[in-house]
Every structure is written in structure tokens, then in C-alpha cells.
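The values are calculated or read from the model by the stated rules, or taken from the named source; none is laboratory data. The shown structure was predicted, so the numbers you read here are calculated from the model rather than taken from an experiment. Because the Cβ atoms are built from the backbone with ideal geometry, glycine has one as well, and the counts that use them run over all protein chains shown.
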Amino acid sequence: MIRAGLQRLASVFNSQGGIISRFITQNAPAQHRPAEETTKDVISTCNKLIQEKSHRNFAIVHLLGKQWRVTDGDLLVVEGYWPPNIGDKITLDKVLLAASKDFSLIGRPLVQPGLVTVTATIISKGLSHTKTHFKKKRRKQFMRINFQRSQQTMLRINSVDIKNSINSAPKNVF
Amino acid sequence: MSNSNLFLKSAFVRAPLQNGVGRYVCQLQRIVLKFCKSHGGSRGIRDFIEQDLVNFAKQNPSVVVYLKPRRHRSPAVVAEYLNGDRVWMSMHLKTHSEITKWIEVLRTQQGDVSGARLRKYQYTDHPSLQGPWTPFTFKDPELNVAQLPDPKFGANNRIPMSATEKLRIMFEKQKISDEEVKTGE
């Protein structure tokens, strides 16, 4: 039990919170090597995977207070007032996480600007069906009925692109 | 809530003809303004026709605009969409600005979107890319070949550390660091 606790402690001390939190190696795992080399290997492998475009990417974007998991060709419906109009092409900049099948880039809290590009097109702006808000309190002579239609904007995600320069310094330019 | 509405259809998020994947196509195809030339109920729509209709038609060359004057009947607007939907809306006693806003709504929506309750607010063809999580995700495959019951896998390691254990670990750590200092000399 004590040994297990010690190991746990050791693992806590050794773990380095990098941008690459998890990497499932399909290749042989690099063991008994210094941590720096492993990090470099992992980064270069990720860059290679991105360059090859071997798998579809997905991202978690923050949009009007909600987090959406998006990939190419997705449809989103955003509720409430939102200025973009139909036909507009926009870039979703608040990317919390970007990933492919074999690796994930986790932002703290956002992935560095310029690394991931999520583009979308506004397809439709309309009103939802009429929602009925019915309130009643029994034996209190209280009854209210309200009708409400919220604005709905439909988005088509066009692309989720990751640049193959994971370890380069952020430019912080939008 | 409105979910209990018997006659309201429910629907999932869809876009006709993969709209927006390559280019965007305005879904409104035809709009018919029906109004009376003399009645007061058509006042707003007459104002709209006089002031805004030409600009509307110029800005939306893909939309066919019809005007249908009819005597002593209340005004209405009918919009027809690429997916075959037809939306009828009464414009009786509506003011000019209200009509401008409603026609903007008719122009920007894709079909009769308010005729159905959305069950989901997102649609994706690829629900999982890294594979759905299972209890065995990220687990050591050693478990596959282990002979159970095994004290290694059967150990209850979920109970929190007791104070005694914490103290002993601190003691052990101290001892290790002392040894390190010694070896450093």
C-alpha cells in the first residue's frame, strides 16, 4: 500500500503538463529514454500525422456560452440573438480542444491562436416554434401563460484544420 | 412545456441539399405580397412596397417577387422555398417596420423552420472519432491475459489514504532525500 502510494506520488511529480496530454502510440512506445527526447518524438509524430491528414479532425469550440464538438460538415443551431447573417463565412476562434484520431491538443483554456482554424457558414436564420410557458399555482388564483419564439441560427462547419507546427511559439495575433 | 403539443411535429437539424458545404444558396425562391390598394389594413404593406420593395428585389436577384393586389381583402405574404415549403403570413394591420422585419425573417430562414420542434441542436455524420469510451479504454492490456482472481487486479485501491499512511510516506520520502544527500557527497 505504501509502495503504491509512493509510486502515485512519483507519478505526480514526474508528470509534465504539456500541450499534448495524451498520445496513443501505435508505434513501439519509447521507454527508458529521457523525457525531453520523448517529448520531441511525440511532437514530431503529431506533426507528421497532421501533415499526412490521415484522419478527420475535430475541435471543441466555445460559441455563445456553449461548447460544441464540431467536425467537418456538422450542423449547429445557435439560439438567441446573434448578428451574423445568412451566407456569411466566419471563423470560430475560441477553440478549447482540437484533436484527431491519434492525438489531442488541449488548450489551457484555449489552444494557441493560429494553430487551429475552424470555419463555418451561416445557413439559416429563423425563429423557433412557439414555446408555451404555462405557470399555475393551485388554490392561489395564479395562472400565467406566455408564448415565446427564440431566434435560431444554423451553422455549417466547413473545415477544422490543424497546422502542423504544434511546438512553435504562439504569435497571439488574431 | 410545448413538448406536450399533440400536433407539433418534431424534427432533427437538417439542411437541404448539403447547403453551405460548397457554396451557400439562398433558400427563399419566391415571395408573393397580397394586399388591397384602398383598405387601411394594408397600409403598412403598401408603405413597404413603395419604399423598400425595389431595393429588396435588387439585393436578392435569386428571389422572384410577385405583387397581387386584390380588392377589400386583408394583406398576406406567401414565401416559397427551395425544399418545397410554403409559409403563409398575415400582414393585416402590421406597420411598415414590422413588415420589414418579418420579410427579413422569411428571407433568411430555410423553409418552414418554425413548424417543427427541434429534438437536437446539432447534427453530425461522425459521432465519435477517437472511439466511444469504455471501461477498458486506456487500461493496461495486461488484464487480458491475467489469471483471475489476482491480488494485483483485485486489490482495493480506491480507499483514501489514511493519516498514518501519509505520515509513513512523508517519513520514507525524508529518508530517501537524506540518502540522496549522502550519496551526493
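Of the listed requirements (1) within 12 Å of chain B (Cβ to nearest Cβ); (2) more than 19 Å from the chain's Cα centre (by Cα), A:K101 misses just one: (2). A:S44: modelled with pLDDT of 50 or more and small (G, A, S), yes or no? So A:S44 passes the test.
Yes or no, residue by residue, for (1) closer than 21 Å to A:K125 by Cα; (2) in contact with a Ser or Thr (Cβ under 8 Å, 6 or more places away or on another chain); (3) in contact (Cβ under 8 Å) with a residue 60 or more places away in the chain:
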residue: B:N55; (1), (2), (3): yes, no, no
residue: B:S90; (1), (2), (3): yes, yes, no
residue: B:F136; (1), (2), (3): no, no, no
residue: B:N157; (1), (2), (3): no, no, no
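Screening A:G114 on (1) surrounded by fewer than 18 Cβ atoms within 10 Å (Cβ to Cβ); (2) part of a strand (DSSP E or B) shows it passes everything except condition (2). Is it the case that some residue within segment A:158-169 is under 26 Å from A:Q67 (Cβ atoms), of a type in the set (A, V, I, L, M, F, W, C) and not in a loop (DSSP other than H, G, I, E, B)? Checked against the condition, which is being under 26 Å from A:Q67 (Cβ atoms), of a type in the set (A, V, I, L, M, F, W, C) and not in a loop (DSSP other than H, G, I, E, B), segment A:158-169 yields at least one hit. Please tell me if A:L97 is farther than 26 Å from B:A116 by Cβ, of a type in the set (A, V, I, L, M) and in a loop (DSSP other than H, G, I, E, B). No; evaluated as a whole, the condition is false for this residue. Those helices (runs of 4 or more DSSP H) of segment B:101-185 in which 1 or more residues are within 9 Å of chain A (Cβ to nearest Cβ) occupy B:163-184. Going through segment A:57-98 one residue at a time, which ones are touching a Ser or Thr at 6+ places or on another chain (Cβ under 6 Å) and without any contact (Cβ under 8 Å) to a residue 60 or more places away in the chain? Residues satisfying the conditions are A:I86, A:T91.
Residues in segment A:53-68 that are surrounded by fewer than 19 Cβ atoms within 10 Å (Cβ to Cβ) and over 15 Å from A:P109 (Cα atoms): A:K53, A:S54, A:H55, A:R56, A:L64.
If I ask for residues that are aliphatic (A, V, I, L, M) and part of a loop (DSSP other than H, G, I, E, B), which ones from segment B:59-84 would you list? If the condition is that a residue be aliphatic (A, V, I, L, M) and part of a loop (DSSP other than H, G, I, E, B), then B:V63, B:L82 are the ones that fit.
Residues that are within 13 Å of chain B (Cβ to nearest Cβ), farther than 24 Å from B:I103 by Cα and not in a strand (DSSP E or B) do not occur anywhere in segment A:125-147. When B:W102 is tested against the conditions (1) crowded, with 17+ Cβ neighbours inside 10 Å; (2) touching a Gly at 6+ places or on another chain (Cβ under 8 Å), the lone failure is (2). For segment B:1-42, taking the residues that are exposed (fewer than 12 other Cβ atoms within 10 Å of the Cβ) and part of a loop (DSSP other than H, G, I, E, B), the one that is nearest to the other protein chains (Cβ to nearest Cβ) is identified as B:M1. Could you check, for segment B:118-128, whether at least one of its residues is touching a helix residue (DSSP H, G or I) at 6+ places or on another chain (Cβ under 7 Å) and over 30 Å from B:V64 (Cβ atoms)? Taking every residue of segment B:118-128 in turn, none turns out to be touching a helix residue (DSSP H, G or I) at 6+ places or on another chain (Cβ under 7 Å) and over 30 Å from B:V64 (Cβ atoms).
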